[in-house]
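Please read the structure below before turning to the comments.
We did not get these values from a lab; they are worked out from the coordinates using the rules stated. Just so we're clear, the structure is a prediction, and the values are computed from it rather than from any experiment. As a convention, Cβ positions derive from the backbone with ideal geometry for all residues, glycine included, and neighbour counts pool all protein chains shown.
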Amino acid sequence: MAVFHIGECIRKTKQKIPLSKEEIRQLVQGVTAEPPIPDYQLAAWLMAVCFSGLNDEETAELTMAMRDSGQVLHWDLDGPVADKHSTGGVGDKTTLILAPIAAACGVYMPKMSGRGLGHTGGTIDKLESIPGLSTALDPKDFLALVRKAGFAVAMQTGNLAPADKKLYALRDVTETVDSIPLICASIMSKKLATGADHILLDVKVGSGAFMKNDADAAELARRMLSAANADKKDCTAILTDMDRPLGMCIGNAIEVREAIEVLAGDTDSELGIFCITLAAEILRMAGKGSPAECLHMAKQAVTSGAAMERFAMMIAGQGGDARVTENPALLKLSGCSRTLKVAENGWISAMHSEEIGRASVLLGAGRMTKNDAIDPGAGIRLCRKNGDAVQKGDALLTMYASKESQLDEAEAMLRGAVVIAAEKPAPAPLIHQTLTGPAADSAPKAEP
Ligand code: URA
């Protein structure tokens with residue numbers, strides 16, 4: 001084995017000379033070794049990647065080496081196992097709706113999820129707003145619940161891709177987060193370590209997302225698909241709009257309430273259509289039928305009540321109060337509330353999701369620093385959405401927080417986040433494009 005020099009890797013990457021597979025493996029091993037490669041050299045290499053990039057082969061090898069830095073899970077289940085990952089958004093409660101639908105249709109979804117990050121929400125925080133529910137599950141109980149309910153949601157453990165944990169913390173403080181190969185390796189190392197055969201990637205694009213435009217989002221999706229292919233996983237990436245929040249609610253308990261509304265039969269709302277479309281794609285990938293059959297099956301799972309049953313089973317199995325599925329008012333909202341009114345006649349032409357996400361953090365629904373506690377009942381319910389005609393004085397949105405001062409701060413931010421125009425804006429599709437497997441290298445498929 002050649003002698004490894006981290007300085008040589010920094011020089012090569014800086015000069016766009018590809019690293020060998022062995023060099024990448026040794027670099028990643030050095031991240032968690034004792035003693036590890038010093039932070040200053042890792043940070044220099046990360047910065048070199050930000051400026052000079054990595055090619056597809058290097059990105060795939062980096063992903064695989066990071067996957068192998070910890071435990072790689074294998075599921076002993078008698079049906080297809082699927083996973084879904086969102087690159088992070090505002091109001092994104094898709095997992096809470098899609099996983100019970102997939103489970104009701106015979107696809108297992110053992111989900112490892114994270115907490116909110118910055119202005120974006122996290123599935124774990126949302127689920128923990130359900131009284132009694134725990135996401136710190138013992139692996140045996142987790143598997144037993146997946147077998148019974150078809151899905152369960154646990155907090156991601158430190159044993160999965162520990163090299164990413166260390167590199168992500170370094171990237172966070174060295175301005176090296178926004179590099180497509182590094183984001184790809186970070187996300188996909190964890191996804192591949194969770195052991196699903198079929199992976200659906202929801203790549204958010206727009207003001208509230210890491211990727212601000214379609215070209216960057218498509219490049220990230222292409223890299224992620226290529227890393228999945230290198231691991232022989234079936235993978236689809238869907239580019240979805242994050243220029244506006246997803247659905248009408250932003251927060252934790254309030255988003256679980258909205259997910260319950262969809263599972264109770266609200267399949268024609270924008271959120272309902274979105275989740276059913278994504279769930280149908282999971283069913284198609286898992287071999288459950290043609291796209292049309294899978295769409296029908298996913299919708300049926302909601303209208304028949306089967307998906308809600310699975311949701312209740314998961315909640316009860318994780319120690320939560322499953323009565324919330326019949327009585328969402330058991331999901332308490334915070335005590336102070338205020339409704340903002342529309343200031344002028346016109347059409348809502350923009351709802352800047354990053355600012356709306358930041359306002360929800362000010363209300364207490366997210367964290368300013370890593371160790372902050374969140375207020376599960378804080379959040380925002382939108383009364384109107386992009387493209388709606390509005391009149392001065394109409395209710396625009398309602399905010400919930402524990403203190404009046406939080407409402408004041410969030411109000412100032414929210415007033416700047418909503419734009420009213422004199423002209424009706426052109427409709428903006430929620431799904432921008434879909435990319436699948438090796439075909440991702442050719443022209444993307446446009447969605448209707
Ligand atoms: N989420 C991750 O897990 N990693 C990134 O680099 C960005 C988003």
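Take 107-113, 45-51 and order them by the average number of nearby Cβ atoms within 10 Å per residue, most first; the result is 107-113, 45-51. Using a cutoff of 8 angstrom between alpha carbon atoms and counting only pairs six or more residues apart, the relative contact order for the chain works out to 18 percent. Do any trypsin sites (Lys or Arg not before Pro) in region 227-260 lie in a loop, going by DSSP, with at most 10 other beta-carbon atoms within 10 Å of their beta carbon, and if so which? Listed in order of number, the matching sites are Lys232. The sum of -39500 (n - 2.57) across all DSSP H runs of n ≥ 4, divided by the residue count of the chain, sets its helix-only mean residue ellipticity at 222 nm to -13500 deg cm²/dmol. Considering only C-alpha atoms, what is the centroid distance from region 126-149 to region 393-413, in Å? After rounding, the separation between the Cα centres reads 33 Å. The P(r) of region 11-64 has a tail past 12 Å containing 66 percent of all C-alpha pairs. Modelled spin labels at Asn213 and Ser269, positioned 7 Å past Cα toward Cβ, are 3.4 nm from each other. Peptides 313-320, 327-334, 247-254 ranked from most to least packed by the mean count of surrounding Cβ atoms within 10 Å: 247-254, 313-320, 327-334. Sorted on the mean count of surrounding Cβ atoms within 10 Å across their residues, most packed first, peptides 9-15, 79-85 read 79-85, 9-15. With loop membership from DSSP and a limit of 15 other Cβ atoms within 10 Å, the longest segment of the chain without GluC sites (Glu not before Pro) is 1-174. Please give the residues of region 39-64, grouped as numeric ranges, whose backbone N is less than 19 Å from a label point set 7 Å along the Cα-to-Cβ vector of Leu170. In region 39-64, the label zone of Leu170 (backbone N under 19 Å from the point 7 Å along Cα→Cβ) covers 39-55, 58-64. Counting Lys and Arg as +1 and Asp and Glu as -1 over every other residue whose Cβ lies under 14 Å from the Cβ of Ala422, the net charge comes to 0.
For region 113-152, the Kirkwood hydrodynamic radius from C-alpha pairs, put into Stokes-Einstein at 20 °C and a viscosity of 1.002 mPa s, yields a diffusion coefficient of 191 µm² per second.
At a temperature of 4 °C and a viscosity of 1.567 mPa s, determine how fast the chain diffuses translationally according to Stokes-Einstein, using the Kirkwood radius over alpha-carbon pairs as Rh; express D in µm²/s, rounded to the nearest whole number. The Stokes-Einstein estimate is 57 µm²/s.
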